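Q: First the structure, then my questions, so here it is.
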């Protein structure tokens, strides 16, 4: 399991110190961190914890949310993402996962319906942020989210669209995330992963399980519990030249309610069986 | 509202005779029928009812479900779709809406993970069915479903993918459905609608509303209640040369629990305000 990373949302009930210790105890070599967990522990303490533990930090989740309207929305998004880039650099990761944001006012009585406008806004703000990312030595990793999150979370919905954006910038500044849950259905997946090549900044895995729960955000399953062929997808990512971490990121209340040690054991077992096979 | 058609699932509590009368009373010139409602009334009676009412039948919902495994699965799917084609012809519509089916065993403990195989199966069965469709004078209208239904309902997830399939057959045999709910998020939507041209066999509308309900199948809203820009989408469909019916098809328990007359009034009002503007 030399490429396995635990994205700490998977063991959400663990604090950052607990997650770090859990990885060390289980022999997991890397961890993907979340900004709220880092803030809870304190940035300096978090930096020391992961360094002392000898863990690699595969990514920081997450920047983005670039679509708020007006000059205030723009300034707030830039300020927040600059903070996130700085934290990523401090934590020693080269990857800031970007969830780009949905339609302004999504879910309200009067949502914006200007999808093209929101997408243009994302491109605009990436243009502002990319040089800063370069300065910090951190890549903005655009994560296409499943189209069911298009209205409220991310107007970037396919890997092809993420690449159209990323390719406007130097490869060391802007990349993409391949998250199995979000992209598995895409009829153009094979060609777009091949196209992605060295733009792949992160490969995240979890499974598509049915039925979807009442809150569709929390419907992700352990690798092997659902409908995704992880061997085939990992082969595509490997063939594209990606040799980095494989991060297990699961949003699922039932899994969150399971003791962290047990969840991590399942993560490792499934990783060996379905992803990083010998 | 010269192009408005009521897809009868929108007034699900109405029987077919009630829906026909509702359309006549409200001046709606066309109706989209469902096979279960036709069967409930009896095919011959249904044919007479719509003919006597002077209603056009914009489509029959639905054929498809082509992905069941084995020779038995294939034979059953062919037989069922031939019956559907025959019913469509009897009812006087030239359009059979095709929901192609999901992964075999989806949602079970051991679902198929062979998405490419399921997609190949769809192509195979369309090849069997297309000449028969031609004989009946009915088009198989492939409906790409939202990617959140990829595992369990339709492995055809984008308009581009539907067109890749349809274009293997004569235009009078196989077309596509553009359903706003399923395709609105697609970053390639404008180019694919333009490409579709005379392949567009049906244009269906309803809105993407949030939050998604516990059963995501039933999350569709009245036009104007959600996040879709219907003026922009209708302009694209019109520009592609489509001059046919605009069918309002809504799956939503709250709307189904509303008296049919009231739902149809809302349908007409929203159609005038957002879709077929003067």
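The values are calculated or read from the model by the stated rules, or taken from the named source; none is laboratory data. Keep in mind the model is a prediction, meaning the values are calculated, not measured. Note: ideal-geometry Cβ built from the backbone for every residue, glycine included; neighbour counts use all protein chains shown.
Q: Look at region A:150-181 and say how many of its residues are touching a helix residue (DSSP H, G or I) at 6+ places or on another chain (Cβ under 8 Å) and farther than 20 Å from residue A:126 by Cα.
A: 1
Q: Which of (1) surrounded by fewer than 24 Cβ atoms within 10 Å (Cβ to Cβ); (2) in contact with a strand residue (DSSP E or B) (Cβ under 8 Å, 6 or more places away or on another chain); (3) within 10 Å of another protein chain (Cβ to nearest Cβ) is the odd one out, the single condition residue A:190 does not satisfy?
A: Failed condition: (2).
Q: A further question follows. If you check residue B:213 against the conditions, is it in contact (Cβ under 8 Å) with a residue 40 or more places away in the chain, surrounded by fewer than 24 Cβ atoms within 10 Å (Cβ to Cβ) and either within 13 Å of chain A (Cβ to nearest Cβ) or in contact with a strand residue (DSSP E or B) (Cβ under 6 Å, 6 or more places away or on another chain) (or both)? Walk me through how you get there before you give the answer.
A: On the way: in contact (Cβ under 8 Å) with a residue 40 or more places away in the chain: yes; surrounded by fewer than 24 Cβ atoms within 10 Å (Cβ to Cβ): yes; either within 13 Å of chain A (Cβ to nearest Cβ) or in contact with a strand residue (DSSP E or B) (Cβ under 6 Å, 6 or more places away or on another chain) (or both): yes.
Against the criterion (in contact (Cβ under 8 Å) with a residue 40 or more places away in the chain, surrounded by fewer than 24 Cβ atoms within 10 Å (Cβ to Cβ) and either within 13 Å of chain A (Cβ to nearest Cβ) or in contact with a strand residue (DSSP E or B) (Cβ under 6 Å, 6 or more places away or on another chain) (or both)), residue B:213 qualifies.
Q: Take the residues in region A:244-258 that are part of a loop (DSSP other than H, G, I, E, B) and in contact (Cβ under 8 Å) with a residue 24 or more places away in the chain; name whichever of them is nearest to the chain's Cα centre (by Cα). Let's see the steps before the verdict.
A: Initially, region A:244-258 is screened for residues part of a loop (DSSP other than H, G, I, E, B), giving A:244-245, A:249-252, A:257-258.
Add one more test, that the residue is in contact (Cβ under 8 Å) with a residue 24 or more places away in the chain, and what stays is A:244-245, A:249-252, A:257.
Details: A:244: 14, A:245: 12, A:249: 8, A:250: 11, A:251: 12, A:252: 15, A:257: 21 Å.
The extreme case among them is A:249.
Q: Of the residues B:144, B:111, only one is at pLDDT 95 or above, within 14 Å of another protein chain (Cβ to nearest Cβ) and within 13 Å of the chain's Cα centre (by Cα); which? I'd like the intermediate steps shown before the answer.
A: Numbers: B:111 fails: within 13 Å of the chain's Cα centre (by Cα).
Within the list B:144, B:111, the selection yields B:144.
Q: Using the structure shown, decide if residue B:104 is under 30 Å from residue A:231 (Cα atoms) and within 14 Å of chain A (Cβ to nearest Cβ). Explain how you work it out, then say what you get.
A: Working: under 30 Å from residue A:231 (Cα atoms): yes; within 14 Å of chain A (Cβ to nearest Cβ): yes.
So residue B:104 passes the test.
Q: Read through the list (1) closer than 30 Å to residue A:239 by Cβ; (2) free of Cβ contacts under 8 Å to residues at least 40 places away in the same chain; (3) more than 9 Å from chain B (Cβ to nearest Cβ), then give the number of the only condition that residue A:93 fails.
A: With (1) closer than 30 Å to residue A:239 by Cβ; (2) free of Cβ contacts under 8 Å to residues at least 40 places away in the same chain; (3) more than 9 Å from chain B (Cβ to nearest Cβ) applied to residue A:93, the lone miss is (2).
Q: Now for a separate question. Among the listed residues A:118, A:133, which satisfies the condition of being under 19 Å from residue A:177 (Cα atoms), more than 9 Å from chain B (Cβ to nearest Cβ) and over 16 Å from the mean Cα position of the chain (by Cα)?
A: Numbers: A:118 fails: under 19 Å from residue A:177 (Cα atoms).
The match here is A:133.
Q: Next question. I need the helices (runs of 4 or more DSSP H) fully contained in region A:1-84, keeping only those with at least 2 residues that are surrounded by fewer than 17 Cβ atoms within 10 Å (Cβ to Cβ) and touching a helix residue (DSSP H, G or I) at 6+ places or on another chain (Cβ under 8 Å).
A: Details: elements: A:16-26, A:35-41, A:43-53.
Output list reads A:16-26, A:43-53.
Okay, residues lined up against (1) crowded, with 23+ Cβ neighbours inside 10 Å; (2) at pLDDT below 95; (3) facing chain A (nearest Cβ under 10 Å); (4) closer than 28 Å to residue B:268 by Cβ:
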{"residue": "B:157", "(1), (2), (3), (4)": "yes, no, yes, no"}
{"residue": "B:168", "(1), (2), (3), (4)": "no, no, no, no"}
{"residue": "B:172", "(1), (2), (3), (4)": "no, no, no, no"}
{"residue": "B:178", "(1), (2), (3), (4)": "yes, no, no, yes"}
{"residue": "B:206", "(1), (2), (3), (4)": "yes, no, no, yes"}
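Q: Of the numbered conditions (1) without any contact (Cβ under 8 Å) to a residue 12 or more places away in the chain; (2) on the phi > 0 side of the Ramachandran plot, residue A:107 satisfies every one except a single condition; which is it?
A: Among (1) without any contact (Cβ under 8 Å) to a residue 12 or more places away in the chain; (2) on the phi > 0 side of the Ramachandran plot, the lone unmet condition for residue A:107 is (1).
Q: Taking region A:85-107 on its own, how many of its residues are part of a helix (DSSP H, G or I) and buried (at least 20 other Cβ atoms within 10 Å of the Cβ)? Working first, answer last.
A: Residues of region A:85-107 that are part of a helix (DSSP H, G or I), as a first pass: A:85-91.
Among the residues that remain, those that are also buried (at least 20 other Cβ atoms within 10 Å of the Cβ) are: A:85, A:87-88, A:91.
Number of matching residues: 4.
Q: Restricted to region B:224-240, and to residues that are assigned to a loop (DSSP other than H, G, I, E, B) and crowded, with 23+ Cβ neighbours inside 10 Å, which residue is nearest to the other protein chains (Cβ to nearest Cβ)? I'd like the intermediate steps shown before the answer.
A: Within region B:224-240, the first condition is being assigned to a loop (DSSP other than H, G, I, E, B), and the residues that meet it are B:224-229, B:240.
Still in the running and crowded, with 23+ Cβ neighbours inside 10 Å: B:226-228.
Details: B:226: 7, B:227: 4, B:228: 6 Å.
Among them, the one singled out is B:227.
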